[in-house]
DNA sequence: ATGTAC
């Protein structure tokens, strides 16, 4: 068990098995972040990887002040899981691929008017609602591949006879705008708890959480509509957020950057588009700041992917995966950046958390079809 | 990550 929890100092540790890819750059960023004023404790998850200044795949606990920059621009980014009504038996992949390829990346404004409140329509970012966005965001049809705890699946409302839909997206331009404004004012020194600036950020942060969750619902709604089926939301969990929390009797601020909460019930942890996803139940979470990995974590920098892969693989080849799934990504850059080779093995990430006693695996799911971008603005 | 910068 101790093999999986790696202390770097009194206040800094990370969770990883011997087989887990951990970049020294990421470790460096973890330590640097731990030395920020008022930072108390920092834990890297097994999907830890370097980010822009601060690492991704980590939880940070501070007192007196909190750091919007640690949450990052995509406030509220997270995973939503839906149970669809599409039978696993007849996976008419050609039909699904065709239908989803015809879905525009953005919702029509008439569609949005029908599905949004008047208040939401007022948002300067409402155009983006129902759109996946770029980077590592996706909507993916999956099927249950292995069941570990049948009762828990039933309890959650999961049906192995039908496909699941996993949506990974965030607050789009809204979170970006909120962070930019606060960095302009407060720089990277954080916000002192209780000040008007802090209260204002937290209020906007809450709006971004709501916006991101609504976005995931609308993405699911639009995609399910496109393939003429229905779905039920089983869980929705954000992995970029900050919240007031008590840790070991100390009141403070828990930041999660690419780290899923381990104290809100079951969590879905996806691998790359060519790898499995795991539905897990958090068990003990006090060693990890009540957090878990949020995915596989990048292994390669975005800028190096195309160079490493384009001679060996064409975009068409990359639109099929080793697990037999299909990929809709009409972006020649993104299809390389998000290639399975660019990500850590999800099994090493999951093994690290099972080994350290953080989770129990409920089910393994495999990708059927991953939607990134159809290229069309509308259709 | 992102209504993508000079």
Say R0 is 45 Å: what FRET efficiency, to the nearest 0.05, do residue A:3 and residue A:90 get from their beta-carbon distance? 0.50
GNM flexibility winner over chain A from A:50, A:367, A:315 (Cα, springs under 10 Å): A:315
With a 10 Å cut-off between alpha carbons and a GNM built on chain A, which of A:56, A:88, A:349 moves the most? A:88
Using a 7 Å offset from the Cα along the Cα-to-Cβ direction at both residue A:19 and residue A:322, what is the distance between the two label points in nm, to one decimal? 1.2 nm
Cα-based Rg (one decimal) and Dmax (whole number) for segment A:324-379, in Å? 15.5, 47
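Please compute one quarter of the surface area of the Cα convex hull for segment A:1-139 and express it in square nanometres.
On the way: hull surface 54.1 nm².
Mean projected area of the Cα convex hull: 13.5 nm².
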Using the alpha carbons of segment A:142-232, what is the convex hull volume per residue in cubic angstrom, as a whole number? 150 Å³
Picking from A:304, A:122, A:338, which is most flexible by a Gaussian network model of chain A using Cα springs under 10 Å? A:122
As a check on your grasp of the helix formula, calculate [θ] at 222 nm for chain A: sum -39500 (n - 2.57) over DSSP H runs of n ≥ 4, divide by the residue count, round to the nearest 500. -9000 deg cm²/dmol
Pairwise centroid distance, computed over Cα atoms, of segment A:191-245 with segment A:128-178, Å: 13 Å
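Compute the Rg/Rh shape ratio of segment A:3-51: radius of gyration over Kirkwood radius, all on alpha-carbon atoms.
Values: Rg = 10.4 Å, Rh = 10.9 Å.
Taking Rg over the Kirkwood Rh, I get 0.95.
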For chain A: span of alpha carbons on each principal axis (Å, largest first): 54, 49, 47
For a quick check: sort A:264, A:364 by the number of other beta carbons within 10 angstrom, fewest at the front. A:264, A:364
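What is the projected area of the convex hull of the Cα atoms of segment A:286-379, averaged over all directions, in nm²?
Numbers: hull surface 32.7 nm².
In nm², the orientation-averaged hull projection of segment A:286-379 is 8.2.
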Just grab the label-to-label distance for residue A:161 and residue A:330, each label 7 Å out from Cα along the Cβ direction, in nm (one decimal). 3.7 nm
Find how much the distance from residue A:306 to residue A:264 grows on full extension, using 0.36 nm per residue of separation minus their present alpha carbon separation; answer in nm with one decimal. 11.3 nm
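No lab work stands behind these numbers, since they all come straight from the coordinates. All figures in this text were calculated on a predicted structure; none of them were measured in a lab. All Cβ positions, glycine included, derive from the backbone under ideal geometry; neighbour counts span all protein chains shown.
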